[in-house]
1. In terms of Cα to Cα distance under 12 Å, which aspartates and glutamates are near enough to Lys2, apart from those fewer than 8 places away along the same chain?
2. Can you run phi through the Karplus equation (6.51, -1.76, 1.60; θ = phi - 60°) for segment 77-88 and list ³J(HN,Hα) in whole Hz, with x for Gly and Pro?
3. Working from Cα positions, state the angle (0 to 90°, nearest 10) between the long axis of helix 15-27 and the longest principal axis of the chain.
4. Given only helices, namely DSSP H runs of n ≥ 4 each adding -39500 (n - 2.57), what is the per-residue ellipticity at 222 nm of the chain, to the nearest 500 deg cm²/dmol?
5. Direction-averaged shadow area of the convex hull around the Cα atoms of segment 27-87, nm²?
6. Restricting attention to segment 1-63, which trypsin sites (Lys or Arg not before Pro) occupy a DSSP loop and are surrounded by at most 13 other Cβ atoms within 10 Å?
7. How many Lys pairs in segment 4-75 lie less than 23 angstrom apart by Cα atoms, where the lysines are 8 or more positions apart or on different chains?
8. In terms of the ratio Rg/(2.2 N^0.38 Å) built on C-alpha atoms, what value belongs to the chain?
Amino acid sequence: MKKALFAGSFDPFTKGHLDILEQSKKLCDHITILVAISPDKKSFFNPTERVKMIEDLFQNDNQVSVDKCDGIVVDYAREKGIDILIRGLRNANDLHVEQQLAEVNKMLAPNIQTVLLMCDPKLQHISSTYVRELLKYKKEINEMVPQSVSEYISNRG
C-alpha cells in the first residue's frame with residue numbers, strides 16, 4: 001500500500017491544494033494531509049482551525065486523513081511509515097524551491113520519495129497568501145477555495 005504525505009501550512013486550503021490532492025489520489029492508496037506548523041510564520045488561522053477546515057472537506061473520503069505537526073515533515077513521514085512526499089508546483093519559482101527541499105529531504109530520509117505535481121494551469125494564480133490578503137479586505141474568495149472552506153471562513157466571521 002502506497003502511503004503519501006501532502007504537507008503545507010494550508011492557511012487556508014485552496015482549490016490549488018485540492019487539485020494536487022486529487023492528482024495524488026490517483027497515484028497513492030492513502031494520503032495524509034499534514035498541517036505543518038512553523039513558529040516563525042504568522043498564521044491567519046490557527047492549526048486547529050486549519051485541520052478542521054480540511055477534515056470537513058474530506059469527511060467522507062476514506063483515502064484521506066488529516067494531522068498536524070510542528071517538527072520536521074520528513075521525520076513525521078518516517079515515523080508514520082509514509083513512502084512518498086507530495087509537493088505541488090504552480091510555476092518555475094516553485095520548482096526551484098521544491099527541488100532544493102526534495103534534496104534536503106532525500107539527505108534526511110533516502111527511502112522517502114518526493115513527487116512533484118503541477119497544478120491545473122487555471123489554478124496557478126491561487127495561493128493561500130492571496131486568499132489571506134483578500135480576506136483582510138473582506139473580498140470574495142469563493143473562486144479560490146473549496147466551498148466547505150469558504151463556509152467555514154464565513155461562519156467564523
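Please treat every number below as a calculation from the coordinates, not as lab data. In this text the structure is predicted, and so the values were computed from the model without any measurement. Positions of Cβ are backbone-derived with ideal geometry, glycine not excepted, and every protein chain shown enters the neighbour counts.
1. Cross-link targets: Asp29, Asp83.
2. Once θ is set to phi - 60°, the couplings for segment 77-88 become 4, 4, 4, 9, x, 8, 8, 9, 9, 9, 10, x Hz.
3. 30 degrees
4. Working: 6 runs with 67 residues, N = 157.
About -13000 deg cm²/dmol.
5. Numbers: hull surface 18.7 nm².
Taking a quarter of the hull surface, the average projection is 4.7 nm².
6. Details: sites: Lys2, Lys3, Lys15, Lys25, Lys26, Lys41, Lys42, Arg50, Lys52; in loops: Lys2, Lys41, Lys42.
Qualifying residues, ordered by number: Lys2, Lys41, Lys42.
7. Close lysine pairs under the 23 Å cut-off: 13.
8. Values: Rg = 15.1 Å, N = 157, 2.2 N^0.38 = 15.0 Å.
Ratio of Cα Rg to 2.2 N^0.38 Å: 1.00.
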